[in-house]
Each structure stands twice: as C-alpha cells, then as structure tokens.
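The values are calculated or read from the model by the stated rules, or taken from the named source; none is laboratory data. Since we're looking at a predicted model, the values are computed, not measured. All Cβ positions, even for glycine, are placed from backbone atoms using ideal geometry, and neighbour counts span all protein chains on display.
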Amino acid sequence: MTMALTDLLLLGRESDLESERGVSCTGELPSPSDPSLVERAQKARAALGDRALILGHHYQRDEVIAFADITGDSFKLAQAAAASPTAEYIIFCGVHFMAESADILTSVEQKVILPDLAAGCSMADMATASQVDECWKVLTDLGLADATIPVTYMNSSAAIKSFTGKNGGTVCTSSNAKRAMTWALEQGEKVLFLPDQHLGRNTAVLGLGLTLEDCVLWNPWKPMGGLTENEIRQAKIILWRGHCSVHGRFSLDSVKEVRERISGVKVLVHPECQHEVVAAADVVGSTEMIIKTIEAAPVGSAWAIGTELNLVSRLAKAHPDKSVVFLDKTVCYCSTMNRIDLPHLVWVMESLVNGHLVNQIQVQPEVAKYSKIALERMLALP
Ligand code: 13P
Ligand code: SF4
C-alpha cells in the first residue's frame, strides 16, 4: 500500500499531537454515573501516595476539590508548585495557563497533568504572541519600548509570559497586581498590561490612584491598536483589550439591585469585574481573599459575591450562619474550569497508577526560559 505525502504528513502531525498532548485514549473515561467513582478515586489516590500532588483552583467543582491536596488562587497554586520539588506528578485541577506555569516552575523530572486538555481560558486566548509582537513593534518604532515595562496577568499563555520576561517585565495575579504595577512604574515610565483590561484599569485607578485618562485601550484588531500616536505617548498604562466573560456579566445594575433587595449587604467582587462594578463594591480581591473575607465576617452578615459560581455556592454552604448570595440574578460557571470533573480526575490518576502518563502539559524549553524569569520576578515581588 502506498501513501500520499500529505497522508504521511498528516499521520506525522497526528502522532506529534498525541505526544504533545500525551493523549493515549478516548473512551477510557469513566462514566459520570459510575456508582463506584468516588471509591475508584480514593483507591487511585491512595496508590499514588506522595508521588502525586493534586492542586485545585477555587473555581473547581466540589467533587474535584474533595481530592485536592492544596486549594488556592492562581498565585498560591503557583507558589505551591514551585515549593513541591519531590512530587513526581502534579495534577493541576484548574485551567491550561495555570498548568503551564506549574510546568515552568517545576523541574524537568516533574510532570504536570491537566485532567482535561480543553480546560482553557477565553481571556488568555485574547492575546496571541503575534498580536503582542505587533504592538511591541509599534512601541519600538515610536521609541517608547525601552521605557515601557510589560506586565502580564497570570491568565496568559506561556508565550506571552516569555515575551514579558524577555522585555524586562513581570507576571502578576489578582492578589499582587498592585505590587507588580508599582514595581513596573519604578522600572520604566509606562506599563503595557496584558491581557485583562479590567484588572489593569482597576489596579491603576483604584489601587494606584492614577486617572482613567492615564490609561488607553489597545485593540489588537486595529492598526496602531486603534490609538493615535499622541494617545500612546501620553498614556501611562496601555491596557490590552481582553476581558473575562464570566466576570463581565456583573453590572452596576446587579450591585444596585442587590443593595435594594438585601439591607446591609456588602458587595465583594473579583478585580476582573468591570471598573464601575469594582468601584461600587465594598471589597475587592482574589479568590483566596474572597474566601478569607467571608471566613472572617461576623455571624449574621450579608454578602453578595461577584465571582465564579462554584466558589460562591461552596462559600454559601460552608457559612450557613452568614448570608452569601451570587451577585448576578443569572447563574454563571466558568465553563472551562468546569470541564475538570471527577471522571477526568479518576482517568488521569488510574492511568498513572497503570504506568501511563496522560495529558502532560509541557512548555517548550525556549519559551519556558523567559517565562520563568517573569514568573520568578513575580514570586520575588516585595
Ligand atoms: P485568582 O488568581 O483570583 O484565583 O483568579 C484566577 C481567575 O482565573 C479568575 O477568573
Ligand atoms: Fe479565564 Fe474567566 Fe474562567 Fe478565570 S473565570 S479561568 S479568567 S474564563
């Protein structure tokens, strides 16, 4: 039998993808209705012992959080990965960019696994490496790149983190964005903040006391980002036009409505929410900070929380002595975080027990080198 060149190339590409993704099977996924699922998870977890570390982001489902060794926001989980040199396997129950960061921060011997490879982040996809290169070229041509420090939110691809590390910048998360932006403005005159415009704007204006006029919005789909040369020169903060569709749902109307409906309610939101929502809230913070705020709140207090629903529901259940409600009237999960479920977790753990490494996340060494510089700058921020 002869094969056409294109077939051979396609075959090669498929096997490349197989090894890139480490996918060894379809159809081995346990059924969600398997009554022995929890038992299977417990058995596989026990068999892996200290060889595996399971990290769970706060937006994960309850059934997954039940098996997490460490839960946290993206900063805490990055720190946990970096501080676990003896775990052979890090099973990251979160989204793709978090698993990539864990791979960058761990040794080559350690394997990072994402239980479902389709667990991405739509915000991270809003800044591609070629779009960011194009923006940097404009800043270079205007003679501004040397004085501009890139700061990228953790919610970005390894390629964007690598660009940031190469150009003297840092990564930040929602828990250290203010420190990162302050640091960046000490290193240069301008900040290019990627890819979440809301976190960037909220940090600059509500955190650092800059004005809305100090910020401009770079639209990657328009020439020169849709800005004039003068606007770019005048700006202190160049915000990338990215956003989170989950947090974008909360509006000023939701804040007004809940204040009218629940007397004395405090509004607690994630900084990925729109500026007007964050400005109208009582407290703003990362997922870890949201949890700590509710834990420390007095009995009988009322809270409306603007973040992903798995976390808000868990908080409501864990604190029956306080009133915890979702800020918006319509419910909203992060669909990609929700892709990681118990069947996927059981599948990766049982595969490891049987000697098969599946769904490994591996960042290419040349990308990892500069991303690591940017991530380590973040971990070292004062
Ligand atoms: P945290 O760092 O606050 O956990 O946020 C991550 C995230 O993706 C929020 O949408
Ligand atoms: Fe990305 Fe938004 Fe989901 Fe966070 S909640 S992982 S920013 S899509």
Handout entry: The one condition in (1) in contact with a strand residue (DSSP E or B) (Cβ under 7 Å, 6 or more places away or on another chain); (2) closer than 23 Å to ALA66 by Cβ; (3) surrounded by 24 or more Cβ atoms within 10 Å (Cβ to Cβ) that VAL324 fails to fulfil
Key = (3)
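Part of a loop (DSSP other than H, G, I, E, B), under 28 Å from SER251 (Cβ atoms) and either at pLDDT 95 or above or touching a helix residue (DSSP H, G or I) at 6+ places or on another chain (Cβ under 9 Å) (or both): which single residue out of THR330, THR293 fits that description?
Details: THR293 fails: part of a loop (DSSP other than H, G, I, E, B).
Going through THR330, THR293 in turn, the sole match is THR330.
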Handout entry: Scope the stretch 212-246; condition surrounded by fewer than 20 Cβ atoms within 10 Å (Cβ to Cβ), over 23 Å from ASP146 (Cβ atoms) and of a type in the set (A, V, I, L, M); matching residues
Key = LEU212
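For the stretch 286-301, enumerate the residues that are among the small types (Gly, Ala, Ser) and either away from ligand 1 (no atom under 12 Å from the Cβ) or surrounded by fewer than 11 Cβ atoms within 10 Å (Cβ to Cβ) (or both).
Residues of the stretch 286-301 among the small types (Gly, Ala, Ser): 286, 296-297, 300-301.
Of everything in the stretch 286-301, those that are among the small types (Gly, Ala, Ser) and either away from ligand 1 (no atom under 12 Å from the Cβ) or surrounded by fewer than 11 Cβ atoms within 10 Å (Cβ to Cβ) (or both) turn out to be ALA296, ALA297, GLY300, SER301.
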Completion exercise
Per the list (1) within 30 Å of GLY355 (Cα to Cα); (2) of a type in the set (A, V, I, L, M); (3) surrounded by 18 or more Cβ atoms within 10 Å (Cβ to Cβ), residue check on ALA66 breaks on (3)
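So which residues in the stretch 166-179 are assigned to a helix (DSSP H, G or I) and surrounded by fewer than 24 Cβ atoms within 10 Å (Cβ to Cβ)?
Correct list: LYS166, LYS178, ARG179.
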Problem - Among (1) part of a loop (DSSP other than H, G, I, E, B); (2) over 15 Å from LEU311 (Cβ atoms); (3) in contact (Cβ under 8 Å) with a residue 40 or more places away in the chain - the single one PRO298 does not satisfy - result: (3)
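I'd like to know if the stretch 78-97 contains one or more residues that are over 25 Å from VAL367 (Cα atoms), away from ligand 1 (no atom under 16 Å from the Cβ), of a type in the set (A, V, I, L, M, F, W, C) and assigned to a loop (DSSP other than H, G, I, E, B).
Within the stretch 78-97 (the criterion being over 25 Å from VAL367 (Cα atoms), away from ligand 1 (no atom under 16 Å from the Cβ), of a type in the set (A, V, I, L, M, F, W, C) and assigned to a loop (DSSP other than H, G, I, E, B)), the answer is no, since none of the residues qualifies.
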Practice task
Might you check whether a residue that is within 14 Å of ligand 2 (Cβ to nearest atom) and within 17 Å of the chain's Cα centre (by Cα) occurs anywhere in the stretch 277-287?
Solution key: yes
Problem - the stretch 257-273 residues that are within 16 Å of ligand 1 (Cβ to nearest atom), paired with ones that are of a type in the set (Phe, Trp, Tyr) and assigned to a loop (DSSP other than H, G, I, E, B) (beta carbon under 8 Å, 6 or more apart) - result: VAL269/PHE250; CYS273/PHE250
Handout entry: Residue that is closer than 30 Å to LEU48 by Cβ, touching a Cys at 6+ places or on another chain (Cβ under 8 Å) and buried (at least 20 other Cβ atoms within 10 Å of the Cβ), where the choices are ILE361, ILE340
Key = ILE340
Handout entry: Single residue of GLY200, GLY209 found to be modelled with pLDDT of 95 or more and outside any helix (DSSP H, G or I)
Key = GLY209
Exercise for the section: Kindly establish whether GLY242 is at pLDDT 95 or above and in contact with a Pro (Cβ under 7 Å, 6 or more places away or on another chain). Expected result: yes
Completion exercise
ASP16 passes all but one of the listed conditions (1) within 16 Å of ligand 1 (Cβ to nearest atom); (2) modelled with pLDDT under 95; the exception is number (1)
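Can you find, within the stretch 185-197, the residue that is farthest from THR152 (Cα to Cα) among those that are assigned to a helix (DSSP H, G or I) and under 24 Å from the mean Cα position of the chain (by Cα)? Spell out how you get there, then give the answer.
Applying the first criterion (assigned to a helix (DSSP H, G or I)) to the stretch 185-197 yields 185-187, 197.
Add one more test, that the residue is under 24 Å from the mean Cα position of the chain (by Cα), and what stays is 185, 197.
Working: LEU185: 14, GLN197: 11 Å.
This residue is LEU185.
Name the residues in the stretch 25-73 that are within 16 Å of ligand 2 (Cβ to nearest atom), of a type outside the set (A, V, I, L, M) and closer than 19 Å to ALA87 by Cα, would you?
Our first condition is that a residue be within 16 Å of ligand 2 (Cβ to nearest atom); within the stretch 25-73, this holds for 55-61, 64-65, 71-73.
Subsequent filtering for residues that are of a type outside the set (A, V, I, L, M) retains 56-61, 71-73.
Scanning the stretch 25-73 gives GLY56, HIS57, THR71, GLY72.
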Completion exercise
Flagged in the stretch 224-283 as outside any loop (DSSP other than H, G, I, E, B), farther than 16 Å from GLU308 by Cβ and among the small types (Gly, Ala, Ser), in numbering order, are GLY225, GLY226, GLY242, ALA279, ALA280
Handout entry: Conditions (1) buried (at least 24 other Cβ atoms within 10 Å of the Cβ); (2) within 21 Å of SER371 (Cβ to Cβ); (3) in contact with a helix residue (DSSP H, G or I) (Cβ under 6 Å, 6 or more places away or on another chain): number failed by ASP196
Key = (3)
Exercise for the section: Go through the stretch 130-150 and count every residue that is surrounded by 15 or more Cβ atoms within 10 Å (Cβ to Cβ), of a type in the set (A, V, I, L, M, F, W, C) and either out of contact with any helix residue (DSSP H, G or I) (no Cβ under 8 Å at 6 or more places or on another chain) or closer than 30 Å to TYR333 by Cβ (or both). Expected result: 1
Problem - Candidates GLU272, GLU260, GLU308, GLU295, filtered to the one that is charged (D, E, K, R) and over 29 Å from THR336 (Cα atoms) - result: GLU260
